[in-house]
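S.K.: Okay, here's the structure, questions in a sec.
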């Protein structure tokens, strides 16, 4: 860790704090959605799929696309601003890898299903297969949200490492 200045460490701390804050805000929105919205729209499909329709309020699709995009740009910038700090950089790369894998799972599994559910809004006639699909979506969503929370919790020790580096280098 050569050529590390206090300005560099301060910038790294700010970016790491900012990405951690945004990640925790995202977790809060995920927890709210998982605890309040998901049980409602999975309760009696397809009748409850109207809650997913974009007609009556803010689109969850738009919200999550914008939120994740902003967060991922911030996360990548945090990696850039912490690059000269190997323990922090390596931790961020591992966490970003996990985050990226969960996002890929989201785009491959969760998004296509929920888009399909949205298209069924207003239809009648539930079947067992649809009930099974929504129940599986809900259960797997708990795992997905748990993984995102684990990533955000993994950021906290990295903040401690940054403070330790600053104390070691500059007292």
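The values are calculated or read from the model by the stated rules, or taken from the named source; none is laboratory data. Given the structure is predicted, the values throughout are model-derived calculations rather than measurements. Neighbour counts are summed over all protein chains in view; Cβ atoms, including those assigned to glycine, are modelled from backbone coordinates with ideal geometry.
S.K.: Assess whether residue 165 counts as being at pLDDT 90 or above and under 21 Å from the mean Cα position of the chain (by Cα).
M.R.: It is false that residue 165 is at pLDDT 90 or above and under 21 Å from the mean Cα position of the chain (by Cα).
S.K.: Another question, then. Need the failing condition index for residue 27 against (1) surrounded by 12 or more Cβ atoms within 10 Å (Cβ to Cβ); (2) over 16 Å from residue 156 (Cβ atoms); (3) touching a residue at least 60 places away in the same chain (Cβ under 8 Å), just the number.
M.R.: The single condition residue 27 does not satisfy is (2).
S.K.: Tell me which residues, restricted to the stretch 146-158, are buried (at least 16 other Cβ atoms within 10 Å of the Cβ) and either in contact with a strand residue (DSSP E or B) (Cβ under 9 Å, 6 or more places away or on another chain) or within 14 Å of residue 88 (Cβ to Cβ) (or both).
M.R.: 154, 155, 158
S.K.: Of these, 111, 135, 43, 121, which one is under 30 Å from residue 17 (Cα atoms) and out of contact with any strand residue (DSSP E or B) (no Cβ under 7 Å at 6 or more places or on another chain)?
M.R.: 111
S.K.: Tell me, yes or no, whether the stretch 53-69 has at least one residue that is under 22 Å from residue 139 (Cα atoms), surrounded by 19 or more Cβ atoms within 10 Å (Cβ to Cβ), in contact with a helix residue (DSSP H, G or I) (Cβ under 9 Å, 6 or more places away or on another chain) and touching a residue at least 40 places away in the same chain (Cβ under 8 Å).
M.R.: For the stretch 53-69, residues under 22 Å from residue 139 (Cα atoms), surrounded by 19 or more Cβ atoms within 10 Å (Cβ to Cβ), in contact with a helix residue (DSSP H, G or I) (Cβ under 9 Å, 6 or more places away or on another chain) and touching a residue at least 40 places away in the same chain (Cβ under 8 Å): absent.
S.K.: Which of (1) under 25 Å from residue 53 (Cα atoms); (2) surrounded by fewer than 13 Cβ atoms within 10 Å (Cβ to Cβ); (3) touching a helix residue (DSSP H, G or I) at 6+ places or on another chain (Cβ under 8 Å); (4) in contact (Cβ under 8 Å) with a residue 60 or more places away in the chain does residue 134 not meet, given it meets every other one?
M.R.: For residue 134, the failing item is (2).
S.K.: Return the pairs, sorted by first residue and then second, in which the second residue is surrounded by fewer than 18 Cβ atoms within 10 Å (Cβ to Cβ) and in a helix (DSSP H, G or I), the first residue lies in the stretch 140-154 and is without any contact (Cβ under 8 Å) to a residue 40 or more places away in the chain and at negative phi, the beta carbons are less than 8 Å apart, and the residues are 6+ apart or on different chains.
M.R.: Hits for this filter: 140/109; 140/110.
S.K.: What number of residues within the stretch 81-93 satisfy the criterion of being assigned to a helix (DSSP H, G or I) and free of Cβ contacts under 8 Å to residues at least 12 places away in the same chain?
M.R.: 2
Per-residue answers, yes or no, for (1) under 29 Å from residue 117 (Cβ atoms); (2) surrounded by 12 or more Cβ atoms within 10 Å (Cβ to Cβ); (3) touching a residue at least 40 places away in the same chain (Cβ under 8 Å); (4) touching a helix residue (DSSP H, G or I) at 6+ places or on another chain (Cβ under 6 Å):
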position: 3; (1), (2), (3), (4): no, no, yes, no
position: 21; (1), (2), (3), (4): no, yes, no, no
position: 45; (1), (2), (3), (4): yes, yes, yes, yes
position: 48; (1), (2), (3), (4): yes, yes, no, yes
position: 78; (1), (2), (3), (4): no, yes, yes, yes
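S.K.: Would the stretch 109-127 turn up any residue that is in a helix (DSSP H, G or I), touching a helix residue (DSSP H, G or I) at 6+ places or on another chain (Cβ under 6 Å) and in contact (Cβ under 8 Å) with a residue 60 or more places away in the chain?
M.R.: There is at least one residue in the stretch 109-127 that is in a helix (DSSP H, G or I), touching a helix residue (DSSP H, G or I) at 6+ places or on another chain (Cβ under 6 Å) and in contact (Cβ under 8 Å) with a residue 60 or more places away in the chain.
S.K.: Check the stretch 10-31 and report whether any residue there is outside any helix (DSSP H, G or I) and within 21 Å of the chain's Cα centre (by Cα).
M.R.: no
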